[in-house]
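Trainee: Pasting a structure here, questions to come.
Each value in this text was obtained by applying a stated rule to the coordinates, not by laboratory testing. Here the structure is a predicted model, which is why all the values come from computation and not from measurement. Cβ placement follows ideal geometry from the backbone for every residue including glycine, while neighbour counts extend to all protein chains displayed.
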Amino acid sequence: MQSEIELHHPKNLAEALTLLSHYGPDGKLLAGGTNMVVELRDGHYNGKSLVDLSHLEELRGISKQDGYIVIGGGTTITELIDHPLIGAHAGVLKEAARLFANPLVRNRATVAGNLVDASPAADTAPPLLALNAEVQLMSQTATRWIKLEDFITGVRKTLLQPGELMVAIRWPVPSARSAGAYTKVGLRKADAISVLSAAVMVELDDAGVCQQTSIALGAVSPKPFRAHAAEALLKGKVLDSALIAEAARLAAESTRPIDDIRGTAAYRKRVVAVTVRRLLTKAVEVLK
Amino acid sequence: MKPQMITLHINGRTHYVALNPNLTLLVALRDLGYTDVKSGCEKGDCGACAVFLNGVAVNSCLVLAAQADEGEILTAAGLGTSEHPHPLQTAFSDAGAIQCGYCTPGMIISAKALLDHKPHPTDAEIRDAISGNLCRCTGYAQIIQAVQSAAEKMDAGGEG
């Protein structure tokens, strides 16, 4: 049974925001459609008015501005893979994009769509969390930047209010003395929903002392999150293998995984420890 | 539900259609007779419904037809004719890359998307490019062979 809907095609951002403001909680967003169209077909969508954002040029583009990399919310996953700024300043995001679903889906799926959908397994979330990303939410009357870490609040829950639209995502250009690493564990190479995924960023000073780390985990808790206790352990220290193993253990302890068809909670917890240890080790190796 | 009037340019022909806004491009294409576009999983996992929309390879089951309004659509059948097939169409046929044929149109779309950007792909690149296309006859070896042989032919001065 397909849902009954009214579909709107705004020609620019201002028109889209007017429509969203008018429809309030009844207005839903349609971008790449890789989730929404399936929901529509299955009759899971109960909204009335769907606002199609797929033609809005204002939501596209990747640039470097004032020390930030800024990407439009409507940027597709394929564009992340191809863009030199992402390769140069967000290797963890590029790697996640390369492993995202499959090429046909990557050509349509958007970054904002992936984040607003707020699946615990959203593949762009761990790398963007590790990069300290913020998201820009715009309504007809206001614009606000909030930390991605705060934006996703639970399973498919976010701070996005009726009438608001995620127009951009940005993160500070990482220091030249930082390196990142990313892993996705799936049941197969392509087209897999993550069993778990992890992204880390490590910044060392010239003496090899850790200035900053971020450890972000996906599909092992109700929402993708940062393992702050593990990060705190590493700050200000030289990262040897014992310390890295202890941080990895703390990261695993901070997860709240579930048993599902892709893996058990116990399996996920163990693999998080192994994965985080390997990723931190790899990032430190790169910086040596 | 109010039907919407849209224009679709498909394989060089223009169609004006009235349809419900919740219909996918896949359904619209098949209703218009473009049955080379196959309906498989209808959720973006199998790639049987792949077409080019404005030059980009997409799953037509994940695009609402109204989102493709004024769009240029190219289906696998639109790549060539029986008299003048596209090198990929010839290569799939010659290499035995077709068993039941259901995945073939989508495979050819993904293969063309790859060759458009990478005329000399490795086998690994071909595997990645068709990773969103499922062949349940499991004829992947011949499919990869077909893409390689089409790449050689196109390089030797064939059409592309």
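Trainee: To the nearest 20 debye, what is the magnitude of the charge dipole of region B:82-157 about its Cα centre, counting +1 on the Cβ of each Lys and Arg and -1 on the Cβ of each Asp and Glu? Can you show the working numbers first?
Mentor: Working: 5 positive and 8 negative charges, 44 e Å.
For region B:82-157, the charge dipole is close to 220 debye.
Trainee: With contacts defined as alpha carbon pairs under 8 Å and 6 or more residues apart, what's the relative contact order of chain B in percent?
Mentor: It comes to 23 percent, rounded to a whole number.
Trainee: Tell me which of B:Asn20, B:Cys137, B:Ser60 sits at the most positive position along the dipole axis of chain B, charges placed on C-beta atoms (Lys, Arg +1; Asp, Glu -1).
Mentor: Looking along the dipole axis, the top candidate is B:Asn20.
Trainee: Name the residue farthest towards the positive end of the dipole of region A:179-259 from the options A:Pro224, A:Val200, A:Ile258, assuming +1 on Cβ of Lys and Arg, -1 on Cβ of Asp and Glu, about the Cα centre.
Mentor: The Cα lying farthest towards the positive end belongs to A:Ile258.
Trainee: Roughly how many Å is it from the Cα centre of region A:190-212 to that of region B:6-68, as a whole number?
Mentor: Comparing the Cα centres of region A:190-212 and region B:6-68, I get a distance of 40 Å.
Trainee: If you don't mind, there's one more thing I want to ask. From the residues B:Ala113, B:His84, B:Gln99, which one has its Cα farthest along the dipole of region B:82-157 in the positive direction, the dipole being from +1 and -1 charges on Cβ of Lys/Arg and Asp/Glu about the Cα centre?
Mentor: The Cα lying farthest towards the positive end belongs to B:Gln99.
Trainee: Now for a separate question. Could you calculate the FRET efficiency of B:His84 with B:Ala18 from 1/(1 + (r/R0)^6), where r is the beta carbon distance between them and R0 is 45 Å, rounded to 0.05? Write down the numbers at each step before the final one.
Mentor: Details: r = 34 Å, r/R0 = 0.76.
For R0 = 45 Å, the calculated efficiency reads 0.85.
Trainee: Please get the size of the charge dipole for region B:7-160, origin at its Cα centre, with Cβ charges of +1 on Lys and Arg and -1 on Asp and Glu, quoted in debye to the nearest 20. Spell out each step's value before the answer.
Mentor: On the way: 9 positive and 16 negative charges, 66 e Å.
Approximately 320 debye in magnitude.
Trainee: Given a Förster radius of 60 Å and the C-beta distance between B:Leu32 and A:Leu243 as r, what FRET efficiency does 1/(1 + (r/R0)^6) yield to the nearest 0.05?
Mentor: Working: r = 63 Å, r/R0 = 1.06.
The formula returns an efficiency of 0.40 here.
Trainee: Given +1 on the Cβ of Lys and Arg, -1 on the Cβ of Asp and Glu, and no further charges, what dipole in debye does region B:4-78 carry about its Cα centre, rounded to the nearest 20? Provide the component values of the computation, followed by the final result.
Mentor: On the way: 4 positive and 7 negative charges, 24 e Å.
Computed about the Cα centre, the dipole is about 120 debye.
Trainee: Given axes a ≥ b ≥ c from the Cα gyration tensor, I'd like to know whether the protein assembly as shown is rounded (a/c under 1.5), prolate (a/b larger than b/c) or oblate. List each step's numbers first, then the result.
Mentor: Numbers: a/c = 1.99, a/b = 1.36, b/c = 1.47.
Cα axes put the protein assembly as shown in the oblate bin.
Trainee: Scan chain A and note any complete DSSP helix (H) whose C-alpha atoms cover at least 24 Å along its axis and whose Kyte-Doolittle average is -0.5 or more. List each step's numbers first, then the result.
Mentor: Details: long enough: A:265-287 (33 Å, 0.51).
Qualifying helices: A:265-287.
Trainee: A further question on this structure: Counting other Cβ atoms within 10 Å of each Cβ, which trypsin sites (Lys or Arg not before Pro) in region A:2-85 have at most 11 and sit in a DSSP loop? It would help to have the intermediate numbers written out before the result.
Mentor: Values: sites: A:Lys11, A:Lys28, A:Arg41, A:Lys48, A:Arg60, A:Lys64; in loops: A:Lys11, A:Lys48, A:Arg60.
Within region A:2-85, the qualifying trypsin sites (Lys or Arg not before Pro) (loop, at most 11 other Cβ atoms within 10 Å) are A:Lys11.
Trainee: Straight-line reach from B:Lys153: which lysines have Cα under 25 Å away, leaving out those fewer than 8 places along the same chain?
Mentor: B:Lys112, B:Lys118
Trainee: Would you please state which residues of region A:43-77 a label at A:Thr18 would reach in this model, taking the label point 7 Å out along Cα→Cβ and a backbone N cut-off of under 20 Å?
Mentor: Under cut-off, by backbone N: A:49-59.
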